[in-house]
Amino acid sequence: MRTQLVPAALIALLVVLHAQLWFGRGSVPNVAKLQDQLQAQKLSNQQAALFNERLSAEINDLQEGLEMVEERARAELGMVKANEIYVQIAK
């Protein structure tokens, strides 16, 4: 009787551990889902970093020189310099 008890206990322990591997926290499907979420988050972070770099470059341009300010004023507000003729062509 005792000789059958030890292997049965070991098999039961093996079944519990195997069930934990497939269905518990940290299971194979759960890890795969988390890896997919991680890849999506990394892509989102890369896009945000690119956007931040563009904003940083624009801020540096605005802080360093008036050329960028003048260019933006001309483009967005239609400002014209003195002694300059503004011509608009409609397509």
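Annotation: extensible slack from A49 through K81 equals 7.8 nm (criterion: 0.36 nm per residue apart, minus Cα-Cα distance).
In this rough spin-label picture, where each label sits 7 Å from Cα along the Cβ direction, the A90-L38 distance is 5.9 nm. For a straight C-alpha distance cut-off of 27 angstrom, the lysines reachable from K33 (same-chain residues fewer than eight places away being disregarded) are K42. One entry in (1) 14.0, 41; (2) 32.8, 109; (3) 15.2, 49 is Rg and Dmax of the Cα atoms in Å calculated from the shown coordinates; its label is (2).
Just so you know, all these numbers are worked out from the coordinates, no wet-lab data involved. Given the structure is predicted, the values throughout are model-derived calculations rather than measurements. When we count neighbours, we look across all protein chains shown, and the Cβ atoms used for this are built from the backbone with ideal geometry, even at glycine.
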